[in-house]
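The values are calculated or read from the model by the stated rules, or taken from the named source; none is laboratory data. Since the structure is predicted, the reported quantities are computational estimates derived from the model, not experimental observations. Note that each Cβ is placed from the backbone with ideal geometry, even for glycine, and that neighbours are counted across all protein chains shown. SASA here: full protein model, heavy atoms, side chains in, ligands and nucleic acids out. Shrake-Rupley method; radii C 1.70, N 1.55, O 1.52, S 1.80 Å.
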Amino acid sequence: MKKDWKYIVYLSAFIGIYVVVQLLSPKQHNWSISLSHADKDPYGTYVLNELLPDLFDSVETTNKTLYELLKNKAENTSLLSLTTSLNMAKEDTESLLQFVANGNTVFLSSHYFGGKLADTLNLDTNDSLFGGSGIMGQDDSVALHFSSSSFDTLVSYKYRRDNVHNYFNTFDSLRTAIIGRNDSGEPVTLLIAVGKGSLIVNSTPLAFTNINIL
C-alpha cells in the first residue's frame, strides 16, 4: 500500500509540474488566415474591428450575402470586406454596383478577384512570389505607399513579402485611379468610379490583420 501511495505522489507531482510549465510557457498562436473580426491571432482582424469605430459613427458586422445586405441599405454608407479570394455571383455583383452607383463607398480587399465582378470591371491580380525569379532573389520585405496626390506620398509601410505579394495586372484604366503601389511600382489599391460612388479594390488583405496593424 505504501508503494502505491509513492507512485500516486510521483504522478501528482509530474502532473503539477506539467500544468505549471504549460501556464508559464508562451502562448502558441494559430497562424492560419481567418480575417475574422473576432480573431485575436496574428491573421485575424480583431484590432481593425476595434479601430473602426474611431473612423465611423457606427459599425456592424454581418454574415449576409451582399444581395441580402444591400437590398434595403441606406445611402451614405460604407462597406468593408476582407477575404483571400473574392468570386462574386451575378446577383451579388449587380447589388454591389448599384449600391456604389447610388453614392456609397465600398472597399474590397482580396488576393484574388474572380466571378462576375472581375469580369464586369476587367479586374485581375498577379502573384509576385511566383513571377520573374520567384521567391529566390527577392527581398524579405516589401514597402507599400500611396500614389495619389490626395495622400501623403512620402511615407512607405513595410510588410513581409509573403504577406503582400499580390498586385493588379489588369484593370480598366479609363475609369480607374491607382491610389496605392508596392515598391516595384505595381498597383495594389485602385479607386473605380461607379455612378455617384466609389469602389476601392485592394490586393493586400493581410496588411489589415492583427500582426501587421500592431
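Going residue by residue through the stretch 43-50, is there one that turns out to be assigned to a loop (DSSP other than H, G, I, E, B), on the phi > 0 side of the Ramachandran plot and touching a Leu at 6+ places or on another chain (Cβ under 8 Å)? The answer is no, given that none of the residues of the stretch 43-50 is assigned to a loop (DSSP other than H, G, I, E, B), on the phi > 0 side of the Ramachandran plot and touching a Leu at 6+ places or on another chain (Cβ under 8 Å). Selection within the stretch 135-157: residues that are at pLDDT 75 or above and closer than 23 Å to S32 by Cβ. The member of this set that is least open to solvent (accessible area, probe 1.4 Å) is V142. For the stretch 158-206, a residue qualifies if it is part of a helix (DSSP H, G or I) and either touching a Ser or Thr at 6+ places or on another chain (Cβ under 8 Å) or under 17 Å from S78 (Cβ atoms) (or both), and the qualifying residues are R161, N163, P205.
Take the conditions (1) in contact with a Leu (Cβ under 9 Å, 6 or more places away or on another chain); (2) over 23 Å from N169 (Cα atoms); (3) free of Cβ contacts under 8 Å to residues at least 40 places away in the same chain; (4) surrounded by 15 or more Cβ atoms within 10 Å (Cβ to Cβ); N104 misses just one of them, which is (3).
Of all residues in the stretch 37-76, exactly one satisfies the criterion of being under 13 Å from the mean Cα position of the chain (by Cα), touching a residue at least 40 places away in the same chain (Cβ under 8 Å) and open to solvent by 70 Å² or more (accessible area, probe 1.4 Å), namely Y46. Taken together, L117, L79, L86 contain a single residue that is over 21 Å from V164 (Cα atoms), at pLDDT 95 or above, outside any loop (DSSP other than H, G, I, E, B) and open to solvent by less than 50 Å² (accessible area, probe 1.4 Å), which is L117.
Kindly provide the set of residues from the stretch 120-134 that are crowded, with 17+ Cβ neighbours inside 10 Å and of a type in the set (A, V, I, L, M), ordered by number.
The initial filter retains those residues of the stretch 120-134 that are crowded, with 17+ Cβ neighbours inside 10 Å, namely 121, 123, 125, 128.
Across the stretch 120-134, the qualifying residues are L121, L123.
Every residue, every condition in (1) at pLDDT 95 or above; (2) touching a strand residue (DSSP E or B) at 6+ places or on another chain (Cβ under 8 Å); (3) crowded, with 18+ Cβ neighbours inside 10 Å, yes or no:
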{"position": "R160", "(1), (2), (3)": "no, yes, no"}
{"position": "Y167", "(1), (2), (3)": "yes, yes, yes"}
{"position": "L174", "(1), (2), (3)": "no, no, no"}
{"position": "P187", "(1), (2), (3)": "yes, yes, yes"}
{"position": "I200", "(1), (2), (3)": "yes, yes, yes"}
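Restricting the search to the stretch 176-185, which residues are surrounded by 15 or more Cβ atoms within 10 Å (Cβ to Cβ), over 18 Å from F208 (Cα atoms) and of a type in the set (S, T, N, Q)?
Looking only at the stretch 176-185, we keep the residues that are surrounded by 15 or more Cβ atoms within 10 Å (Cβ to Cβ), and these are 176-182.
Going one step further and asking which of them are over 18 Å from F208 (Cα atoms), we end up with 176-178.
Residue satisfying the conditions is T176 alone.
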